[in-house]
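A quick write-up on the structure given underneath.
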Amino acid sequence: MRARYGVPLGITAAAAAGVVYAAGIEVRSFRLRRVTVPVLPAGMRPLRVLQVSDIHMVSGQRKKRHWLQSLAGLRPDFVINTGDNLSDPDGVPEVMDALGPLMQFPGAYVFGSNDYYGPRLRNPGRYLTERLQGKHGLNGNPPVVGALHNPWEDLRDGFDAAGWVGLTNTRGSLKIDGYEIAFTGLDDPHIRRDRYEQVAGGPESGADFSIGVVHAPYLRCLDDFAQDGYPLVLAGHTHGGQLCIPFYGALVTNCDLDTDRVKGLSTHTAGGHTSYLHVSAGCGTSRYAPVRFACPPEATLLTLVEREG
């Protein structure tokens with residue numbers, strides 16, 4: 001009996017332990033990552049940017065709310081929210097509560113598909129097949145029928161009331177310690193709402209520094225930002241792969257970005273120009289897939305410093 005059943009039972013036990021860890025421990029093991037990015041013009045002081053992304057708030061997630069509130073203790077120069085705040089149509093008050101202490105700082109935001117529409121139960125294997133087929137979201141797939149609409153207008157109104165700058169296919173700026181920091185933002189390319197032609201033309205000529213912001217890091221958007229000469233692009237959406245293989249990494253990105261750049265700092269080159277790219281692994285999950293493995297939930301404190309050379 002031992003020879004016949006011992007190995008299968010051991011594999012089953014290990015798999016069960018992995019599910020318990022992914023659903024009960026890692027998904028709540030919130031982390032702060034710190035990254036230094038050499039992008040500022042000579043003479044500018046360092047800037048501390050807190051990026052939060054993919055909160056996917058569901059009512060009752062107290063630990064996540066308290067952790068997000070605690071990030072205000074970092075005292076960033078400004079906050080960038082790269083979208084997908086909701087995974088529950090009733091979650092807006094809890095998002096506003098979680099981000100309330102951060103909204104005492106200057107900030108800017110874009111929305112993701114889950115801010116507009118409620119999540120749907122789907123086979124996780126579709127992420128792998130979509131990667132192989134080159135289809136993601138509404139990029140190559142048929143339109144969604146019967147989608148649940150989230151109250152994104154309430155989210156927008158709350159952010160705007162706090163003075164955060166909305167970047168939905170538009171430009172905006174913040175004054176930080178006498179510097180003008182300009183932003184060019186896109187609506188979510190995962191559901192084909194991006195309209196780069198409305199904001200094309202490159203960084204603001206009169207600004208001290210410019211940043212591109214988008215929820216999902218689709219290559220067409222990264223190409224546009226890089227070709228136009230943006231030194232830094234911030235994105236989220238990928239969840240860092242969410243379910244990763246230890247010592248290997250992510251299997252999917254849920255967009256056409258390669259898995260080598262699924263999270264963290266990298267670069268993107270197009271049209272002879274190279275931009276730094278930072279993709280946040282985010283701090284939440286869909287309510288229908290509340291697990292993470294080898295990919296803890298996170299926010300990132302980016303310290304922008306002078307360019308090398």
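The values are calculated or read from the model by the stated rules, or taken from the named source; none is laboratory data. Just so it is clear, the structure is predicted and the values come from calculations on it, not from any experiment. All Cβ positions, even for glycine, are placed from backbone atoms using ideal geometry, and neighbour counts span all protein chains on display. All accessible areas refer to the heavy atoms of the entire protein, side chains included, with ligands and DNA or RNA removed. Shrake-Rupley method; radii C 1.70, N 1.55, O 1.52, S 1.80 Å.
Cα centroid separation, the stretch 183-223 to the stretch 82-129: 19 Å.
Counted by Cβ distance under 15 Å from Val199, the other residues give a net charge of -4, where Lys and Arg count +1 and Asp and Glu count -1. Taking every C-alpha pair closer than 8 Å and separated by at least 6 residues, the mean separation divided by the residue count of the chain gives a relative contact order of 27 percent. Can you give the calculated 222 nm mean residue ellipticity of the chain, where each DSSP H run of n ≥ 4 adds -39,500 (n - 2.57) and the sum is split over every residue, rounded to the nearest 500 deg cm²/dmol? Per the formula, -7000 deg cm²/dmol. Please state the shape class of the stretch 33-306: rounded when a/c is under 1.5, otherwise prolate if a/b exceeds b/c and oblate if not, all from the C-alpha gyration tensor. Rounded.
Mean-square fluctuations from a GNM of the chain, with a 10 angstrom spring cutoff on Cα atoms, peak among Met57, Met44, Met96 at Met44.
Each residue of the stretch 42-54 was assigned a 3J(HN,Hα) from its phi angle through the Karplus curve 6.51 cos²θ - 1.76 cosθ + 1.60 (θ = phi - 60°); the sequence is 4, x, 7, 6, x, 10, 9, 10, 9, 9, 10, 7, 6 Hz, with glycine and proline shown as x.
Using a 1.4 Å probe on the protein chains only, how many percent of the accessible area of the stretch 177-286 belongs to carbon and sulfur? Numbers along the way, then the final one.
Values: 1810 of 3930 Å².
Reported share for carbon and sulfur atoms: 46 percent.
Highest mean first, the peptides 174-187, 155-168 sorted by other C-beta atoms within 10 Å per residue fall in the order 174-187, 155-168. Under a 5 Å amide H cut-off, with hydrogens placed 1.01 Å from N, Leu243 pairs with Phe293 among residues at least 5 apart or on other chains.
Note on the chain: antiparallel DSSP beta bridges, both residues inside, total approximately 40 percent of the bridges counted.
Rounded to the nearest whole angstrom, the semi-axes of the ellipsoid equivalent to the stretch 189-309, taken from the Cα gyration tensor as √(5λ), stand at 27, 16, 13, largest first. Packing order of peptides 120-132, 283-295, highest average first: 283-295, 120-132 (average count of other Cβ atoms within 10 Å over each peptide's residues). Less than 5 angstrom separates the built amide H of Ile176 from those of Ile181, all sequence-distant by 5 or more or on a different chain.
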